[in-house]
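The values are calculated or read from the model by the stated rules, or taken from the named source; none is laboratory data. The shown structure was predicted, so the numbers you read here are calculated from the model rather than taken from an experiment. Cβ placement follows ideal geometry from the backbone for every residue including glycine, while neighbour counts extend to all protein chains displayed. For the accessible areas, the whole protein counts, side chains as well, though only heavy atoms, and no ligand, DNA or RNA atoms are used. Shrake-Rupley method; radii C 1.70, N 1.55, O 1.52, S 1.80 Å.
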Amino acid sequence: MEQRHLGRTGLRVSRIGLGTLTWGRDTGEHDAADQLKAFWEVGGTLVDTADVYGGGESEYLLGQLVERLVPRRDLVIATKAGSVADPDRPFDASRGHLLAALDASLGRLGTDYVDLWQIHAFDTGTPLEETLHALDLAVSSGRARYAGVSNYCGWQLAKAATWQLAAPGIRTRLASTQMEYSLLQRGIEREVLPAAMDLGVGLLPSSPLGRGVLTGKYRHSTPSDSRGASDQMSPFVEPYLDEAASRIVDAVTTAADGLATTPLAVALAWIRDRPGVTAPIVGARNARQLTAALSVESLSLPDEICQALDDVSAPVHRYPDQDWSTL
């Protein structure tokens, strides 16, 4: 699998990442092992998790598989901290909480360091410079090799990245931002993506298949074994089952038919090769699903197909989303 630099850093990662959101919850050890082995065997390196996935079980399961199944040196392990199970304060990005969470993550993962440590979300209750100081301490102590953020809007990302760049050699530059991005969700193109590209921050798209909708499996009905049929996950899928989404899915399906491939492959190839994107993060229930996603490595979409998909899914840009002179 092709490797790409993560933002304006020396860290290279596979251009498809393996997501582990369901590991330890819906995905057991056997399926997780099959996924990790299949991913590694085709040259995949970037594995993304978080301290809250499965209540910590995702990290623990990944830690059990590393070395026993795949050499630690062959993986780029990314995790996150900052989300907490507190309805009154769902995000805690204070320095104390973050550093304690990192130590706990390292224990579950069974490693001395993570390759990429990310703040899971912006915390309005903590001064940003305190949050970013935790990243500096994590990197300077060797517990993290690189640092990033997740779910930061445009001004939050720009402020954080600029603050870090203001003291080179002292503060750790942001390597990445992880955001939801797909043909069904292009909102980050208004401000987040331009900021990331300008500041040298690599983009790691989450939900690159539109929460599964872009595979085409919801076109005519809701499969009984799908997320859309789950009481827990159906609210996650529902926003992408409207008429506008249906038009986009139809266009993806038409493109797939013309290219003799699958809607999944078309949607994933489109997002993988978007400007500013380093590696979409793909989650799967089993190795068979993951292998289908990894087969996109050999697919490059013709310019005409890309343009048609761009047109049918184009987000609305209104003042003051971007440079006024372009509107």
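With θ taken as phi - 60° and the Karplus curve 6.51 cos²θ - 1.76 cosθ + 1.60 applied, the whole-hertz 3J(HN,Hα) list for the stretch 7-18 is x, 9, 10, x, 6, 10, 9, 5, 7, 10, x, 9 Hz, x standing for glycine and proline. For Val76, the residues whose modelled amide H falls within less than 5 Å of its own, excluding neighbours fewer than 5 places apart on the same chain, are Leu46, Val47. Of the residues Phe122, Phe91, the one with the largest accessible area comes first in the ranking Phe91, Phe122, computed with a 1.4 Å probe on protein heavy atoms. Taking a point 7 Å from the Cα of Ser230 along the Cα-to-Cβ direction, the residues of the stretch 253-274 with backbone N closer than 20 Å to it are 264. Projecting label points 7 angstrom from Cα along Cα→Cβ for Ala85 and Asn286 puts them 2.9 nm apart. The stretch 151-176 and the stretch 18-46 have Cα centres spaced 31 Å apart. Residue separation of Leu137 and Ala100 scaled by 0.36 nm, minus their Cα-Cα distance, works out to 12.1 nm of gained length. One Cα centroid belongs to the stretch 52-76, the other to the stretch 199-271; the line between them spans 27 Å. Amide H contacts of Gly7: Gly202, Leu203, each under 5 Å away and 5 or more positions distant or on a separate chain (H built 1.01 Å from N in the peptide plane; Pro and chain starts excluded). Residue separation of Ala166 and Ser298 scaled by 0.36 nm, minus their Cα-Cα distance, works out to 43.5 nm of gained length. For His120, His97, the ranking by accessible surface with the largest value first comes to His97, His120, using a 1.4 Å probe. The modelled label-to-label distance for the pair Glu2/Trp155, using points 7 Å beyond Cα in the direction of Cβ, is 3.7 nm. Over the chain, dividing the summed -39,500 (n - 2.57) contributions of all DSSP H runs of at least 4 residues by the number of residues returns a 222 nm mean residue ellipticity of -11000 deg cm²/dmol. If the segment from Arg247 to Asp310 were pulled out straight at 0.36 nm per residue, it would be longer than the present Cα-Cα gap by 21.4 nm. Charged side chains reduced to their Cβ positions (Lys and Arg at +1, Asp and Glu at -1) give the chain a dipole of some 580 debye around its Cα centre.
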